[in-house]
1. Figure the gain on full extension for ALA15 and ALA121 (residue separation times 0.36 nm, minus the Cα-Cα span) and round it to one decimal in nm.
2. May I ask for the net charge around LEU12, where only other residues with Cβ less than 13 Å from the Cβ of LEU12 are counted and Lys, Arg are +1 while Asp, Glu are -1?
3. Multiplying the sequence separation of ARG81 and TYR47 by 0.36 nm and subtracting their Cα-Cα distance, what value in nm do you get?
4. Please report ASP72, ASP82 as a ranked list, fewest other C-beta atoms within 10 angstrom at the top and most at the bottom.
5. Amide H to amide H under 5 Å from ILE130: which residues, 5+ apart in sequence or cross-chain, H placed 1.01 Å off N in plane?
6. Shape verdict for the range 3-53, please, from the Cα gyration tensor: rounded (a/c under 1.5), prolate (a/b greater than b/c) or oblate.
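Since every read-out is calculated from the coordinates, none of them should be taken as a lab result. On a predicted model such as this, the values are computed, not experimentally measured, just so you know. We place every Cβ from the backbone using ideal geometry, glycine too, and count neighbours over all the protein chains shown.
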Amino acid sequence: MGPAKRLASSVLLAAGIVLLFFGLSRAMGFSAPALVISMVAIAALLYAGGAWFGGAPASVATAGSELVIVFDRSLKVAAGRDPGTSLLLQFPQALRPEVEMRCRLALRGEQTHFECEHAGARFAFDIGPIQSIQNIVVYGVLISGSGARVPVSTASPVPTAV
């Protein structure tokens, strides 16, 4: 949002709060209960407006989102989005076999990077092991940047999942 729109919306918000406050107070008289009712009405309207127009936080599937997940040996999410759920459920069905194979490699100590396309979006993955002080792999980490739109034909061959 540009500075002019931000300023205009702030002025409109302030004017609305003032008008609501004075309108309710005037209708009920300038008493303590009227002031409290005005404040409660203003807070309720601000909350409702924020919930209605604020929008939802970005999810894994949104374009440009990045994801970091720590997973255990059973491919369950140990830290990240939705702990305790299956790691593979975080991705589209077509990508799951490749993600699973690379995660199993990470649990054996190998770090991998791969990219693939799905539904016109390119997904890039870095998957690696997390080792203890004794060099024993205890967890894996998956880092994914997803959703970047790609042209129909790319210069470099990329595994495609449909």
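1. Working: separation 106, 0.36 × 106 = 38.16 nm, distance 4.41 nm.
Separation in residues times 0.36 nm, less the Cα-Cα distance, equals 33.8 nm.
2. Working: positive: LYS5, ARG6; negative: none.
Combined, the nearby Lys, Arg, Asp and Glu give +2.
3. On the way: separation 34, 0.36 × 34 = 12.24 nm, distance 2.61 nm.
Extra length from ARG81 to TYR47 when fully extended: 9.6 nm.
4. Working: ASP72 16, ASP82 13.
By the 10 Å Cβ count, ascending: ASP82, ASP72.
5. VAL138, TYR139, GLY140, VAL141
6. In terms of gyration-tensor shape, oblate.
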